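These notes are about the structure you will find just below.
Coordinate-derived values only; no laboratory data. Because the structure is a prediction, the values reported are computed rather than measured. No Cβ is skipped: glycine too gets one built from the backbone with ideal geometry, and neighbour counts run over all protein chains shown.
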Amino acid sequence: MPLYGTLDITANAKALPTLANLDTEAWTLPKAEMLQLLIEVPRSTTDGLLPKAMHPALPSYVILAVTKYSESPVGPFNLAVLRLGSRAGAHPRGFLLGAVASTEAAAKELRGRWGLLVEAGEVKFLRRHDRVMGTVAKAGKTILDCALIDPQPVAGTDVQYINWVTAANAPLDGQTQPMLIQVDPKYTFYKAERGKPQVNAFDAAAWNAGAITLADPIVGTCCTVDTDLPRIRFVMDPLKPVFQGTRRIRESRADE
Amino acid sequence: MKFGLFYEISIPRPWTPEKERTVYNNCLEQVKLADELGFDHVWAVEHHFLEEYSHCSAPELFLTACAMITKNIQVGHGIVVCVPEFNHPIKIAEKTATLDILSGGRLHVGTGRSATWTELGGFRANPDITKKSWDEFVRCLPKMWMQETFSYQGEFWSMPERTILPKPYQKPHPPMWVAVTSPGTEIDAADRGLGSLGLSFAGFEEQEKKISEYRRRIKSCEPVGAFVNEQVATTNFLFCHEDEKTGVEMGKRLGNTFNYLATQLISTREVFASPSYQSLGLLPALRRAATGPDANEQQTEGMAYGDPARIIRAVKKWESLGVDCINFILNANEVVPQDQVMASLRLFAKEVMPVFAKEPAGKALSAHALSARAAE
């Protein structure tokens, strides 16, 4: 059967974000601009980064995303995330390895509400006519400098965003424990562009990405979307295969 | 109604040399038996890099071996990837003609364009243009087979005038098909006069719509070849057992394992934003069904597992929808022991096949009959 990840997130639970509860209220995030680059990475460099409950994507790939949220309950902020392409059971997912938010308030709320392993830093989303750029710095050091080169219009229906999985501690059955959390935003597209990914600087260690090296670019997109960060619906046992260890926390939304 | 076998050649880890050889030998043993039992077709896919799901990257070699150990069963490329980075069209014409000769005119040529990033990316093929290159290839192949000399200047490939050799044994040429997974591809098949080689496990309602549209459009098609191959084939799982419960349980295990492996594939759309891959093809349905390899949820309707009576009911339903041929997947990751696969084939041939022995008029036409129709 398919390979499994080897990461035991319970072994270092203190390093994970902790949620006060699983009753996170949804955020509505209108007119967000999302730069997303997909890049293949050597399979050997992803060893040990994926929880035991999940299957690796084959070939291995990462999703680098820099998003400009112009409106949110904590005000405008930019967010950069690195996710590892994977499978939760039969479903494609991006397991969040690391994230940087441009404001302390956003970082705090994202950690405490959805379990994003996120710190505050400098995150820039910049649009030029020939490219869309994202840069991220922490403590004055650039940890990501990337761009979508020569963006060309495509339809929103051409773009598929896959759901996130975060690792965090949260109370369940009367005990706060490490778990995997599915974060599954919805998207309404206003504009979509596609281009070539380019990464000028990437500090894997700063993204909790072990020895990942970026190898073969797949594609880059930049989209303007109405999106959200929804209520938590599913959590997963980090040590059991997802098809055996998934718990539904609440019913799906009316539009699902 | 015709019956065939459909091979992905799924091989579980760890991949020792003996295990890969054993699985290939199991498949050949099944094909030999199927030929003796009166099955009509054996199809083999072309897939690359799809770990465990399919180790069938050189189907023309497997099919040649099949042809060498059988007498009557027809051998089908299901499908040849018509993308230049995968296969040069001259080589496709040459290899298929050779296989047709070696098999004594038993070849069917399925065509397609690949659906996974794993494969397209592996060959550094551009997903945006696979449908266009497929269209060029299927229009060239019949000419390459039939014309004494051939030259071509197209968008995706070209060649100066040469004689492409050998020529196929079947005249004017082998029947051509296209793999139908994404919605709408059945229309592509119909418009070109190609057989519809259904590779998805859609339910009755969806299939009925597809078949109806295919039949309607093919009436006014402009065939790419010398004749219209109006045939609709679907894919199914087969496990036939005297005891219905045992048959259903093993059949579900087979189906769940196959579906779970299939959902691990990286569809092109998942990672590569492209207007050429708007649909996820068969994956959404599989993901709904594939909650896990040991899941016990109900699968898509019409599966051919259980006891003979149950399977007869399913096949009759497919027949009533206008399906001409059902191709069966017999195993996935070797979850069904070989002796049980063989017993299942024997029981199916004994109890089920006779019920469908009479061909419905005007549907499952042989290549020769189709040629005759074209000549008219």
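A few remarks follow.
- Computed from backbone phi with θ = phi - 60° and the Karplus coefficients 6.51, -1.76 and 1.60, the 3J(HN,Hα) list for segment A:132-147 is 10, 10, x, 10, 9, 9, 10, 6, x, 9, 6, 10, 7, 9, 9, 7 Hz; x is used for glycine and proline.
- Within-14-Å neighbourhood charge of A:Y4 [Cβ basis; K, R +1; D, E -1]: +1
- Amide H partners (placed H, <5 Å) of A:I143, local residues excluded: A:V136, A:A137, A:K138
- Computed from Cα atoms, the angle from the helix B:204-218 axis to the main principal axis of chain B rounds to 20 degrees.
- Remark: mean inter-chain Cβ contacts per residue of A:157-169 equal 2, using a 10 Å Cβ-Cβ cutoff to other protein chain atoms.
- Estimated FRET transfer efficiency when R0 is 25 angstrom, pair B:R13-B:I69 (beta carbons, to 0.05): 0.35
- GNM remark for chain B: springs join alpha carbons under 10 Å apart, and the peak mean-square fluctuation among B:T16, B:T130, B:T118 falls on B:T16.
- Label zone at A:E104, where the point sits 7 Å out along the Cα-to-Cβ direction: segment A:1-45 residues whose backbone N lies under 13 Å: none
- Long-range amide H partners of B:L5 with built H, under 5 Å: B:H41, B:V42, B:W43, B:F328
- Here's how it looks for B:V180: its modeled amide H is under 5 Å from those of B:L197, B:G198, B:L199, which are all 5 or more places away or on a different chain.
- Among residues other than B:D100 with Cβ under 12 Å from its Cβ, the summed charge is +2 (Lys and Arg +1, Asp and Glu -1).
- Among A:Y69, A:Y161, A:Y4, the ranking by other beta carbons within 10 Å of each residue's beta carbon, starting with the fewest, stands as A:Y4, A:Y161, A:Y69.
- Positive minus negative residues near A:P178 (Lys, Arg vs Asp, Glu; Cβ under 15 Å): +2
- Projected label distance in nm at B:R217 and A:A20, using a 7 Å step from Cα toward the beta-carbon: 5.7 nm
- Folded to 0 to 90 degrees: helix B:59-69 orientation relative to chain B principal axis, Cα: 70 degrees
- Using a Förster distance of 30 Å, the FRET efficiency for A:N208-A:D150 (Cβ separation, nearest 0.05): 0.45
- Here each label is just a point 7 Å from Cα along the line to Cβ, and for A:S252 and A:K240 those points are 2.2 nm apart.
- Fully extended contour minus Cα-Cα distance, from B:K171 to B:K317, at 0.36 nm per residue: 49.1 nm
- Here the Karplus relation 6.51 cos²θ - 1.76 cosθ + 1.60, evaluated at θ = phi - 60°, turns the backbone of segment B:126-134 into coupling constants of 8, x, 4, 10, 5, 5, 5, 5, 4 Hz, with x for every Gly and Pro.
- Fraction of beta bridges assigned by DSSP in segment B:2-375 that are antiparallel (%, nearest 5): 15 percent
- With a Förster radius of 60 Å applied to the beta-carbon distance between B:A343 and B:M159, the computed FRET efficiency rounds to 0.75.
- Only Cα sites of segment B:2-375 enter the Debye sum here, all with the same form factor; the resulting log10 I(q)/I(0) across q = 0.07, 0.14 1/Å is -0.28, -1.24, listed in q order.
- Test item: B:257-270 mean partner chain Cβ contacts at 10 Å: 4
- Of the residues A:L214, A:L35, A:L49, the one that moves most in a GNM of chain A with alpha-carbon contacts below 10 Å is A:L214.
- What you get for segment B:128-272, charging only the Cβ of Lys and Arg (+1) and of Asp and Glu (-1), is a dipole of about 320 debye around the Cα centre.
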